[in-house]
Every structure is written in structure tokens, then in C-alpha cells.
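Below is one structure, written out as C-alpha cells, with a few remarks after it.
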Amino acid sequence: MGKLNVSLMRYLTPEDFRVLTAIEMGMKNHELVPSPMAASIANLQHGGVHKLLRELCKHKLLSYERGKRYDGYRLTNLGYDYLALHSLTKRDVIASFGNQIGVGKESNIYTIANTNGKELCLKLHRLGRVCFRKVTEKRDYHKHRKSASWLYLSRISATKEFAYMKALYERKFPVPEPIDYNRHCVVMELVNGTLLNHISEVKDVEALYDQLMNLIVRFADSGVIHGDFNEFNIILDEDENPIIIDFPQMMSTEHANAEMYYERDINCIKQFFKKRFNYESENYPKFSDIERMDVLDAEVACTGFTRQMAKDINLELGLEDFSHKSESLDSEENFHEVSNKNYISNESDPIEISKYRTYQDLSDTNLSEGDVSSDYFKSEDLFELGSVRSTATTIHPDEIKRRVKKQIAGKGKRDQRKRCVAKGEANATTRVRRENKDTVRQTCSVWE
């Protein structure tokens, strides 16, 4: 596994981070940030900013790209990492940086140390990888947005995970202690243990099975479902006690598909114990046995939780009235109020809550099965729901050939355009001068 190279951070000046922050702020409303705008936001002289931008591009903290209407700068993943690490360093949360110890479909895990030399764990959220790009189907980060940058979605993912971990840790759940977070980085306790997937035998299989099943029930009784409760997200410590990790996909037990996700967590544990330890038990908790005893989903505004649900649950349990807080969970102020004032900082972006996509509603759409990509129907969730049957396509073979030919031709044209794109700000200046010269020549020819 690789290592994030942070050696350059010691050589970056406050002006460099000021420019990086200016590009980050400009990207809230612009896909590419022009250099004059960066200079204006950073409140620095244009000439000096131009030199800083060029140096940051050389070190791949920024990238200069040519857009359809104008050219500008874009913040790279490495530049975003540097901004987050710089903020955590100024808070004395991070003092040294170690090696990468894990990698997932949407995150990288590193070891770090604080000012006291204590080892901690740093999780960098990396949404947008090729292996995990169906965020609109798997998460509720988009909601009503037509598009959003992967950096912004990674930031929301980290914010949600920290909120979940904080609430679970306060309720004495076996989760790593959350320390701090900034942008797409989450700092947590480093768990000394072994991933359950790497363990071939345990002392007491039946006791471990009961512990894991009880944890699923305890999550549900608090109003949440893990959603990805499997051997890759469970760590066993030295005493073979389970510690649960990875929480961005958690949802409320009031979610439309809550029972399906609950049963999927149960089946993941049952199948793993059957394959790995040759242990099979007929005793497992059912969704109908859940007895709600907490409103954790209301506190952290889980996926699938609505205003009316908050009112009904509070009336049933006789707890503190959250209804006034849940009246507008989609707004930034109310989300910070509902969550926890201690761990949602002002730097975080608003987390917008919406229901997961209900896959059973395919019949309500205008898409036929032949028009939907094969990857869509190969989704594990769809087969578990049993709402989609594989059928032969009704598209004529000649039409398929025509579409494939058109797709290949379009890809060739796009590749050709990429090869012809001129890069660099100097080239952009030359291009503008050439266009002005042509305009002057055409104007003179008209008057002659």
C-alpha cells in the first residue's frame, strides 16, 4: 500500500494555503476558478498570486484546465488533503503522519500521531472512484442537486460519519473514539485488533455470533441500522470483542427499505460464520422484534427520518420533543442544532437529508429493462429485493449495432479533442491575442 506524501507541507507558506483556500471557496460556485477571482478572494496582489498558482500546479496541488467558456484552476485531491491536514495541524490534533494501513471503495486509512506521541487513525474519504460512483443510488448526499463535485460529496460523507460515531460513542457502543474532523478527514482512535475477514478461528464461535447479533439488535433499538454490517467492518481486539467501523451508510429504522437492509446485515453474519467457521444457527433476531428505546436517528438526522416520524416517536416514547428541531432538517442551521453543537463545526457544509431511492418503484419510471444498463440489474440490492426479473432485451440487433458504433465514434472524437487541447495559462493569453487580431483584421476588411 502507498503513502500520502506530505513532505511538501513543511515548505508551503501561509500565502500558499491562502491561495488554496481561495480556490476552494471559488469552487463553491465555479467549476474552474480564474486567477483574478483567486487573487480577489485571497486578497493578494495578482502578480504574486499568479506565481503561487504556477508553483502549486507544479506540485499537483492545483490543476489548470481549459473550460468551454473560460480557463481556470481546480483543486486536486492532494490539495484538498493538504488543506484538511493543515487545519488539523493548527488545532494540534496531528503532529506526525504515518503509513497507509487500509483502503476501501470510498476511503483511505492512515496512521498519525498527536502532539503527545499517541497513535491515532486518519480516514480520508475518497468518493468518486471508478469502483463506487453510484452515489445517487447508494447514498442520500445529492438530494435535489443535479450535480456536485466529488470533493464536496466526500466532505459531506466525513461530516455524517463523525456525527454517527460521536452519537454512538456517547451511548457506549463498541466503536472507535472520534477525535476531530475537518473537510473530508476524520480522526479517530486507532484500534489495536484484527479485521474479522483475516481471522480463521476464534476461541468461542457461538459467543462471538451472539455478540454480533446483539449489536445489530442494539443498533435497531436505538433507531438506526448499520447498513454494511459484515466481516470487512468488524475488528476483533485482543479479547476477541468486536469493534464496529464504517458508518456513512447508516439509516433510520423508519426508512422505507429498513427491513431489507436489516435482514441483509443479519444474512451477512450468518453466511460468513457458515463459510468461515462452519457454524450455523437458527436463532437470529427478526425485524419485527425491534423495540425502540432511543431516538438516535432523530439526533443525527439519519437517512429516511422525517418530521412526522419524529413527532410520532416522541409521543410514543414520551421523550424530549424533537419536533421543533426536525421541522426543517434540510437547512444548515437546524441540522447543526439537531446534531450536536459540540462536534459539528461551522466549517462543515449543510447535510441535506432525503430518502434512499426505492428500487421497487421501477414500474413507475419510463425506463424499460432494455434501456437500463446491465450493471443496474446486477446490483445486489435489486436481487435481494426480488423486484426485478431478468428478461431478454427487445431492442433490435441492428439498433444495438448502431448505438455501439455511435458510442465508439463519439469516444474517438472526445479523445481527439483531448489531444488537441492546449494547456497552460500562457497559451490562453496567446489564444486571446490571436482571436483579437483576427477580429481587428475582419473589421478593417469591412471598412476598406
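The values are calculated or read from the model by the stated rules, or taken from the named source; none is laboratory data. Keep in mind the model is a prediction, meaning the values are calculated, not measured. Ideal geometry is used to build each Cβ from the backbone, glycine not excepted, and the neighbour counts take in all protein chains shown. With ligands, DNA and RNA removed, areas are computed over all heavy atoms of the protein, side chains included. Shrake-Rupley method; radii C 1.70, N 1.55, O 1.52, S 1.80 Å.
A 1.4 Å probe run over the protein chains yields, for the stretch 21-96, 54 Å² of accessible area per residue, whole-number rounding.
In terms of packing, defined here as the mean over residues of other Cβ atoms within 10 angstrom, the peptides 402-410, 164-172 line up highest first as 164-172, 402-410.
Packing, taken as the mean count of other beta carbons within 10 Å per residue, orders the peptides 18-24, 194-200 from highest to lowest as 18-24, 194-200.
Ignoring ligands, DNA and RNA, what percent of the accessible area of the stretch 223-298 is carbon or sulfur (1.4 Å)? Summing carbon and sulfur atoms, their accessible area is 41 percent of the total for the stretch 223-298. Between Arg292 and Asn99, the simple label model (points 7 Å from Cα in the Cβ direction) yields a spacing of 4.7 nm.
Can you tell me the FRET efficiency between Arg276 and Tyr70 if r is taken as the Cβ-Cβ distance and R0 is 51 Å, rounded to the nearest 0.05? Please report the intermediate quantities before stating the final value.
Values: r = 56 Å, r/R0 = 1.10.
Working from the Cβ atoms, E equals 0.35.
From the cross-link list Lys68/Lys411; Lys28/Lys172; Lys105/Lys275; Lys60/Lys437; Lys51/Lys413, which pairs have alpha carbons spaced over 27 Å apart? The answer is Lys28/Lys172; Lys60/Lys437; Lys51/Lys413. Need one word for the stretch 180-223: rounded, prolate or oblate. Basis is the Cα gyration tensor (sqrt eigenvalues a ≥ b ≥ c); a/c below 1.5 gives rounded, then a/b vs b/c decides. Note, shape of the stretch 180-223 comes out oblate.
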